[in-house]
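Engineer: Please read through the structure below; I'll follow up with questions.
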Amino acid sequence: MATLDLAFPTLAGLEEVLAAELRELGVTDLQTGRRVVTGRGNRELVYRANLEVRTALRVLINIDAFRVDREQELYDRLRATNWRAYLRPEGTLYVDVVDPGRWFRNTHYIAQLAKDAIVDQMRDKYQTRPSVDKGNPDLRIHLRIHGEGEVDLSVDSSGAGLHCRGYRRRTGEAPINEVLAAGMLAIAGYTGEQPFVDPMCGSGTIVAEAVMRATNRPPGLLRSFGFERWPDFDPAEWGSLRQAAMDRIVPLRQPILGADIDGVAIAIARATLDRAGVLPLVELRTSAFADLTPLPASLETPGLLVTNPPYEFRMETGDIEAFYRGIGDTLKQHWTGYIAWLISANARAVKRVGLRTSQKVPLMNGPVETRFCKYELYRGSR
Ligand SMILES: C[S@@+](CC[C@H](N)C(=O)[O-])C[C@H]1O[C@@H](n2cnc3c(N)ncnc32)[C@H](O)[C@@H]1O
């Protein structure tokens, strides 16, 4: 099977955990860049990465890299590229252009030019032409232009971004990105061997990602992928890879608890976890954090608490700094024997937690800069 050049975009701060996941999967020649990991692997690895990797946003296959001086050269090169493995003549496509160099006119123009090259080629060869579909194309093409006209041409094997796990129907107020939640769990060292709690679970994203990780459930089981619509798709190979991944699911070894003060959020979390097929494995409680009884934990089996508290309150609902002071007090009073991780964009409020931070990891939650902070709550810790 041919070896392919692969690129895995991710969120800022998750490059190393993604590289570790890809190494374990068998992707070779790994290199981490800014918000991307690159490597090499065959088609089986492309299928498996889409299904099993938790911290990649997409799986791109680089099919060409070249340099052009003029826009016409870009058209010529794309028109001469063989698109038949990825696109049926009557199929649909969309071209994403990233970073057009300064001497190109604009992203929209380049995307149009690229689309024309592919459509013209197909029409010449097959007397029928693909059409453009932005929302749900059969083939999504990425053109990255950098430096002095350096072009990386890739096809997107994922289709919809991999954060779309297929378990979310309704969202709570500020759901965290699924890939970010999975990355936080990896950074926190969650393996499923610890009792796990998200006491402000909202729509249940962190809890859903925790159950899937603890049971080795592939994050992509509920959805379909771009490569399933390519002419070279091998359904038999895909079926056996999916089955093999399902055969690797293991039972839950330690309990998982999600709680939230808001009953509506808990109802949404219940629907999310049900859709993910893991609801019976999880306990959900409607409770304020201050009143929540922790799952039993001990020195031998410390518990893990990972949560995404509100970053701010609307004026009338109260003082966010006092709220974070309250989180710190609750952790000190009730959560001895736990390691707690909070993600927050509100650095001032986080200071009010009043516990020693033993690790602080900068992460992006969409466009929002956050810190993921670790607190070790041993007896007597301050
Ligand atoms: C930023 S949201 C969490 C979003 C969640 N990670 C998700 O993906 O949907 C913060 C959550 O904290 C909850 N919350 C606020 N104050 C709380 C308290 N005192 N005790 C428990 N939960 C609280 C809110 O109801 C809200 O659902």
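The values are calculated or read from the model by the stated rules, or taken from the named source; none is laboratory data. Source: prediction; values computed, not measured. Backbone-built Cβ (ideal geometry, glycine too); neighbour counts: all protein chains shown.
Engineer: Quick check on my filter: what residues within the stretch 45-74 are among the polar types (S, T, N, Q) and more than 30 Å from residue 189 (Cα to Cα)?
Structural biologist: Across the stretch 45-74, the qualifying residues are 62, 72.
Engineer: Something else now. Which residues, counting only those in the stretch 191-211, are assigned to a loop (DSSP other than H, G, I, E, B) and either within 14 Å of the ligand (Cβ to nearest atom) or within 14 Å of residue 343 (Cβ to Cβ) (or both)?
Structural biologist: 199, 200, 201, 202, 203, 204
Engineer: With the condition being within 20 Å of residue 179 (Cβ to Cβ) and modelled with pLDDT of 95 or more, I'd like the strands (runs of 3 or more DSSP E) fully within the stretch 1-84 carrying at least 3 qualifying residues.
Structural biologist: Strands (runs of 3 or more DSSP E) meeting the threshold: 4-9, 28-32, 36-41.
Engineer: Which residue out of 281, 305 is surrounded by 13 or more Cβ atoms within 10 Å (Cβ to Cβ) and within 13 Å of the ligand (Cβ to nearest atom)?
Structural biologist: After ruling out the rest, the residue left standing is 305.
Engineer: Among (1) surrounded by fewer than 16 Cβ atoms within 10 Å (Cβ to Cβ); (2) of a type outside the set (S, T, N, Q); (3) more than 15 Å from the ligand (Cβ to nearest atom); (4) in a loop (DSSP other than H, G, I, E, B), which single condition is residue 239 missing?
Structural biologist: Every listed condition holds for residue 239 apart from (4).
Engineer: Given the conditions (1) under 20 Å from residue 177 (Cα atoms); (2) assigned to a helix (DSSP H, G or I), report the number of the one that residue 259 does not fulfil.
Structural biologist: Answer for residue 259: the failing condition is (2).
Engineer: With respect to residue 158, determine if the residue is away from the ligand (no atom under 16 Å from the Cβ), in a loop (DSSP other than H, G, I, E, B), in contact (Cβ under 8 Å) with a residue 60 or more places away in the chain and out of contact with any Ser or Thr (no Cβ under 8 Å at 6 or more places or on another chain).
Structural biologist: yes
Engineer: Turning to a different aspect of this structure: If you check every pair at least six apart or on different chains, which have Cβ atoms under 9 Å apart with a residue in the stretch 109-120 that is farther than 16 Å from residue 73 by Cβ first and a residue that is among the acidic types (Asp, Glu) second?
Structural biologist: Partner pairs satisfying both residue conditions: 111/96.
Engineer: Further, regarding this structure: Here is a list: 260, 274. Which entry is under 30 Å from residue 294 (Cα atoms) and surrounded by fewer than 16 Cβ atoms within 10 Å (Cβ to Cβ)?
Structural biologist: 274
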